[in-house]
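Right, one structure below, let's go through it.
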Amino acid sequence: MGIWIRSQDKKCLVKTQESWITKGKSGEFIINISNNSFKWYTVGIYSTKEKAITVLDMIQKQIEMPIHRIDAINGEISSHKDKIFQMPQDNEVVIDG
């Protein structure tokens, strides 16, 4: 099973192996991902560390959530192997608590 990440600007769709947060030169928090080719991509930029961590939490929940599909014709249940997560814009991220 894997997860595909679509960047905030929608120009990048990458199957990811790992993700991490770095701090940018202007104080922004950047989410980077890497794939099997050992390349890394910037997929999201957030104004606070808390927002960036919240987005990583959202990705984790997406990975943990089982996906099942029921075939309408024969009623068989199948599971998807991959998932896609769309990176939210900074103003779409709500911090809990």
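The values are calculated or read from the model by the stated rules, or taken from the named source; none is laboratory data. Everything quoted here is computed from the prediction, not taken from an experiment. Using ideal geometry, Cβ is built from the backbone for each residue, glycine included, and neighbour counts are taken over all protein chains shown. Side chains are part of the model used for accessible areas, which takes the heavy atoms of the whole protein and leaves out ligands, DNA and RNA. Shrake-Rupley method; radii C 1.70, N 1.55, O 1.52, S 1.80 Å.
For the structure I just gave you, tell me whether Lys25 is part of a strand (DSSP E or B) and more than 18 Å from Pro88 (Cβ to Cβ). Spelling it out, it is not the case that Lys25 is part of a strand (DSSP E or B) and more than 18 Å from Pro88 (Cβ to Cβ).
Does segment 1-55 hold any residues that are at pLDDT below 95 and touching a Gly at 6+ places or on another chain (Cβ under 7 Å), and which are they? If the condition is that a residue be at pLDDT below 95 and touching a Gly at 6+ places or on another chain (Cβ under 7 Å), then Lys15 is the only one that fits. For segment 28-55, a tally of residues being open to solvent by 90 Å² or more (accessible area, probe 1.4 Å), touching a strand residue (DSSP E or B) at 6+ places or on another chain (Cβ under 9 Å) and more than 16 Å from Ile95 (Cβ to Cβ) returns 3.
This table checks each residue for (1) under 12 Å from Ile84 (Cα atoms); (2) hydroxyl-bearing (Ser, Thr, Tyr); (3) assigned to a loop (DSSP other than H, G, I, E, B).
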position	(1), (2), (3)
Ile5	yes, no, no
Lys11	no, no, yes
Val14	yes, no, no
Ile21	no, no, no
Ile33	no, no, no
Ser37	no, yes, yes
Gly44	no, no, no
Val55	no, no, no
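Annotation: of all residues in segment 56-97 being acidic (Asp, Glu) and open to solvent by 80 Å² or more (accessible area, probe 1.4 Å), the one that is modelled with the lowest pLDDT is Glu76.
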